[in-house]
Structure formats: C-alpha cells, structure tokens
1. If you check Ala8 against the conditions, is it within 13 Å of Phe57 (Cα to Cα) and in contact (Cβ under 8 Å) with a residue 12 or more places away in the chain?
2. Of the residues that sit in the stretch 1-28 and are under 13 Å from the mean Cα position of the chain (by Cα) and of a type in the set (Val, Ile, Thr), which one is farthest from Asp54 (Cα to Cα)?
3. Of the conditions (1) basic (Lys, Arg); (2) at pLDDT 90 or above; (3) more than 18 Å from Asp7 (Cβ to Cβ), Arg37 fails just one. Which one is it?
4. Go through the stretch 40-53 residue by residue and tally those that are touching a residue at least 40 places away in the same chain (Cβ under 8 Å) and either farther than 22 Å from Ala4 by Cβ or within 16 Å of the chain's Cα centre (by Cα) (or both).
Amino acid sequence: MKRALPDADTVKAAIDAVLEEAATRGHRPTGTAIERRLGIPHATFHRHYADLIDTHFRPHIPATVPPMVQAESSGADERREANLARL
C-alpha cells in the first residue's frame with residue numbers, strides 16, 4: 001500500500017518552516033530537514049518536488065560567507081616564509 005504524497009502547499013509550508021528554523025538557529029537550511037519534516041525519502045522528494053526545490057527553496061538559501069583574509073601576517077607566517085625561502 002502506497003502512502004499519499006503531500007500536496008504542494010504542504011511542501012511549501014515545510015520549506016518555509018525549515019528556512020525559518022535555520023535562520024533562527026543560525027544554520028544553513030537543508031533538503032534533508034524538509035524531507036524529515038514531511039516524512040518522505042530523499043529520492044521521492046527530489047522526484048516529485050524538483051520544481052519547488054528550484055523555485056521555493058534554493059533562492060532562499062543564504063550564500064556562504066568566505067573566510068576573512070588576514071590583513072597582517074603573523075610571526076608564524078613570517079617564519080614559515082623564511083623557512084621556505086631557505087629551502
């Protein structure tokens with residue numbers, strides 16, 4: 001016996017809930033969190049809701065912030081550079 005799949009509105013509500021929860025906790029939202037909330041397997045989620053993933057989920061994922069570049073080199077960096085030059 002097959003279980004009925006959730007409708008598009010239910011999936012959108014789950015996506016919104018996962019996005020809100022991730023923003024509150026300071027984490028990146030994941031598709032796995034949506035799948036768990038809906039109780040459906042990964043392949044089924046992507047097979048049936050690919051359009052919602054592309055239009056409703058991915059545009060709302062925050063971009064990763066690249067690590068900050070050090071403005072000044074530390075003493076360890078200078079020693080490393082001196083050792084590399086010596087070798």
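1. yes
2. Val18
3. Result: Arg37 passes all but (3).
4. 1
The values are calculated or read from the model by the stated rules, or taken from the named source; none is laboratory data. Bear in mind that the values here come from a model prediction, so they are computed numbers and not experimental data. Every residue, glycine among them, receives a Cβ derived from its backbone with ideal geometry; neighbour counts consider all protein chains shown.
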